[in-house]
Amino acid sequence: VQLQASGGGVVHAGDSLRLSCAASGRTFSRRVMGWFRQAPGKEREFVAAINWSGGSTYYADSVKGRFTISRDNAKNMVYLQMNSLRPEDTGVYFCAASPSITIATMPADFTSWGQGTHVTVSS
């Protein structure tokens, strides 16, 4: 699976952004998909994940209630709707695909990664 993330930008605290991830490959619909982010000087951290059907999602505590992950298997797309953005949400956001059968949250569980899209939230 090849992935291409887009939708990042520079916004103010409280604003919203929607990230998109376009996937290629016939196995997309069978993959757990996730979003991770990496702030400057910090480790890559888990943000959200969704199972193959979209029926199960999981979020990092820091984004729960503000971010929503979704997917459209017919279009080979995954989305991350980010509301009520905070300066601490700033970073490079990556979409990733995992062959795991169940929801995965560790970077090592994901075998395909997109190139990342930058999100900057100013206070």
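The values are calculated or read from the model by the stated rules, or taken from the named source; none is laboratory data. On a predicted model such as this, the values are computed, not experimentally measured, just so you know. We work out accessible area using only protein heavy atoms, side chains counted, and drop any ligands, DNA or RNA first. Shrake-Rupley method; radii C 1.70, N 1.55, O 1.52, S 1.80 Å.
The residues Tyr58, Tyr79, sorted by heavy-atom accessible surface at 1.4 Å with ligands and nucleic acids left out, run Tyr58, Tyr79 from largest to smallest. The Cα center of the stretch 1-79 and the Cα center of the stretch 84-123 differ in position by 6 Å.
Derived scalar couplings between HN and Hα for the stretch 23-30 equal 10, 10, x, 6, 8, 3, 5, 9 Hz in order, rounded to whole Hz, by the Karplus curve 6.51 cos²θ - 1.76 cosθ + 1.60 (θ = phi - 60°), x for Gly and Pro.
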